[in-house]
Structures are given as structure tokens and as C-alpha cells.
1. Cα gyration tensor of region 68-133, axes a ≥ b ≥ c as square roots of the eigenvalues: rounded (a/c below 1.5), prolate (a/b > b/c) or oblate?
2. Around Gly37, what is the net charge, scoring Lys/Arg as +1 and Asp/Glu as -1 over all other residues with Cβ under 11 Å from its Cβ?
3. Please label the shape of region 82-174 as rounded, prolate or oblate, based on the square roots a ≥ b ≥ c of the eigenvalues of the alpha-carbon gyration tensor (a/c under 1.5 means rounded; beyond that, a/b larger than b/c means prolate, else oblate).
4. Give the distance, in whole Å, between the Cα centre of region 80-135 and the Cα centre of region 16-48.
5. In nm, what is the difference between 0.36 nm times the number of residues separating Asn102 and Asp15 and their Cα-Cα distance?
6. Please compute the modelled spin-label separation between Gln4 and Ala26, points set 7 Å along Cα→Cβ, answer in nm with one decimal.
7. Name the most mobile residue of Asp21, Asp158, Asp105, meaning the one with the largest mean-square fluctuation, in a Gaussian network model of the chain with Cα contacts below 10 Å.
8. May I ask you to derive the relative contact order of region 2-170, considering only C-alpha pairs under 8 Å and at least 6 residues apart, and to give it as an integer percent?
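Each value in this text was obtained by applying a stated rule to the coordinates, not by laboratory testing. Remember, it's a predicted structure, so these values are computed and weren't measured experimentally. Positions of Cβ are generated from backbone atoms using ideal geometry, with glycine treated the same way; all protein chains shown enter the neighbour counts.
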Amino acid sequence: MLVQISTFSNTDGTDPQCGIDIEPNAGQACYDVHVTGCKFFGNVGGGFQQGASDADYTYTFTTGTILENSEFYGNGGAGYHDGGIAFSDCDSNIIRNNTIHNNLDGGIKIYQHATNVTVTGNTVVNNTGWGITLSVCNGSVATGNTVTGNSGTGFSVDSSTGTYTPNTVSGNGP
């Protein structure tokens, strides 16, 4: 699927209330989604969310998504804490050259069995909450990002293995 030069705004109603929510049903997978040159703003939930709808991620998976050259701002997070962009339960996805700013809950969150995700060339500024956070995402790469002015931690990684430098991180919260 190719989505280009589109606007996703003011989504409100059925959870998770995101601009785009890629959430395969149990036993299904989603492959090769390409989103480029889009705007995501004012959504009650996050701007873009991708992950399992089923509690058992081994039966639900996404792979091959490219999310690039897009802008995410003023998205709410709505209790899911998705902020601008959230990826989980996936493998071999790319988030590159996006501008993520002024979202509630944070900028980019990669978590819960999201492996081999590349996060590069993004500008993540002035979000309420984290800038970029990676948790349980082995083999991922986060390089060449600028993360500044976020009220929470600018850049955090749990015990996940991967490549997480160089990034420019300054002026963020605790």
C-alpha cells in the first residue's frame, strides 16, 4: 500500500483514535506499507500507530513499513501513550526524515517486540514526554536524529541491543 501527500487530522471516536492505525487481526500480518509526504495533526490518539491487535504478538505482525518525509504535531496520545509515532510487534521497518513536534506523550516510541527497526534522520522537538524511546526492540538502529526540547527524556533505550549513535540530543527533560 502506498499513501502519499495526504492529511490525517482530528481523528476522534473509536480507539485508538490515531491518524493511521495499522493493526492486523489475530493470525494475520501486514506487509510493505509506504507512507510518505503526509501530515498527521490534532488526532486524539497518536499520529501513526502500528502493532498487534492481539495480545499474542506471535500471531499478529507487521513488516516492511516505510514512514518517511512526514510531519506529526498536536497528536494527543489518548491513554495509549502513542504521541507522534508508535511501532510495536514488528520487524524490519523504517522511520526516516520525519518532523515530530508538539505532541502529547512523546515523539517516537518503538517497543514490545519491534525488532530491526531503523529510525534515522528525524527531527523530534518540543513534545510533552519523551523524544525517542526504544524498549524490547533488539537489532534496531537509531542514528542521525535530532532530539531537543522535549519535556521528558530525550533519548532512552532499555536493555535492547542495536546501534543507537550518533544522535544529537540536547535540552530535554529528566
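1. Details: a/c = 2.17, a/b = 1.25, b/c = 1.73.
The shape class here is oblate.
2. Working: positive: Lys39; negative: Glu68, Glu71.
That works out to -1.
3. Numbers: a/c = 1.60, a/b = 1.49, b/c = 1.08.
Prolate, because a/c is 1.5 or more and a/b exceeds b/c.
4. After rounding, the separation between the Cα centres reads 13 Å.
5. Values: separation 87, 0.36 × 87 = 31.32 nm, distance 2.12 nm.
Additional length available on full extension: 29.2 nm.
6. Reported label-point gap for Ala26 and Gln4 is 3.8 nm.
7. Maximum fluctuation in the GNM of the chain, among the listed residues, is at Asp158.
8. Numbers: 587 pairs, mean separation 26.0, N = 169.
Contact order relative to length: 15 percent.
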